[in-house]
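Chemist: One structure, as structure tokens, below. Some questions next.
The values are calculated or read from the model by the stated rules, or taken from the named source; none is laboratory data. Bear in mind the structure is a predicted one, so any value in this text is a computation, not a measurement. All Cβ positions, glycine included, derive from the backbone under ideal geometry; neighbour counts span all protein chains shown. To get the accessible areas, we keep the full protein, side chains included, count just its heavy atoms, and leave off ligands, DNA and RNA. Shrake-Rupley method; radii C 1.70, N 1.55, O 1.52, S 1.80 Å.
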Amino acid sequence: MKRLKNLMLFLAFIGIGLFGSTVYATDVITTTSNVKVETVTKDDKKVEIIVSEDKYVRITQPTKVNTSTFESKMNVMGETSQGTEITIEVYNTSLDKKGISLVKNVTVYTVKTVGITETFNQFIELLEGENKIVLIYTNEKDKKNKEKMIFYVTRESEEKKEFIKTYNVFQDSKTPFK
């Protein structure tokens, strides 16, 4: 009996090791991105920014490759060379009942050509679920032709927001407050 118990424990540990991603899976869609997050110092503060592979475009907001929010709109801000033309495409995806990703909506934003300040910003609409943000940049002078940056913003549901707002934590009456 003891051997059987030990064998079952051993198999359980092996199973968790091999299938750990399944055991700890979430409803977040696994995504790939072609950008890097770098830490820079501005005004004596360390700030994270998203940078394109060729380091031509820097996104200062959002600051993470996979961001989560409850807001319906987000301001995408960044820096690049003067004369760069930017287009932002937002692809909203959600999971169907079988867990397959479906593209629900595509919205295209054309940003004004980057001026002398070398900055840009654009408010984008976020739908519930995962929003794939594709920033396309072109600058003939610098030989950049429709280069792409890809990052993701997940808009959480209103139900989740309400759950968090109304979530109560009760302390066991036997355990004193510390």
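Chemist: Of all residues being in contact with a strand residue (DSSP E or B) (Cβ under 7 Å, 6 or more places away or on another chain) and free of Cβ contacts under 8 Å to residues at least 60 places away in the same chain in the stretch 141-167, which is most open to solvent (accessible area, probe 1.4 Å)? Just the residue, please.
Modeler: Lys146
Chemist: Quick check on this structure: which one of Thr69, Thr63, Thr119 is surrounded by fewer than 17 Cβ atoms within 10 Å (Cβ to Cβ) and either among the small types (Gly, Ala, Ser) or free of Cβ contacts under 8 Å to residues at least 40 places away in the same chain (or both)?
Modeler: The unique qualifying residue is Thr63.
Chemist: Do we find that Ile124 is open to solvent by less than 30 Å² (accessible area, probe 1.4 Å), within 17 Å of Glu71 (Cα to Cα) and either modelled with pLDDT of 90 or more or of a type outside the set (Asp, Glu) (or both) in this structure?
Modeler: Yes: the conditions hold for Ile124.
Chemist: Quick one: how many residues across the stretch 129-138 are open to solvent by 10 Å² or more (accessible area, probe 1.4 Å) and over 13 Å from the mean Cα position of the chain (by Cα)?
Modeler: 2
Chemist: Moving on to the next point. Which is closer than 24 Å to Glu158 by Cβ and touching an Asp or Glu at 6+ places or on another chain (Cβ under 8 Å), of Ser81, Ser72? Before you say what the answer is, go through the steps one by one.
Modeler: On the way: Ser81 fails: closer than 24 Å to Glu158 by Cβ.
Result: Ser72 is the single residue among Ser81, Ser72 that is closer than 24 Å to Glu158 by Cβ and touching an Asp or Glu at 6+ places or on another chain (Cβ under 8 Å).
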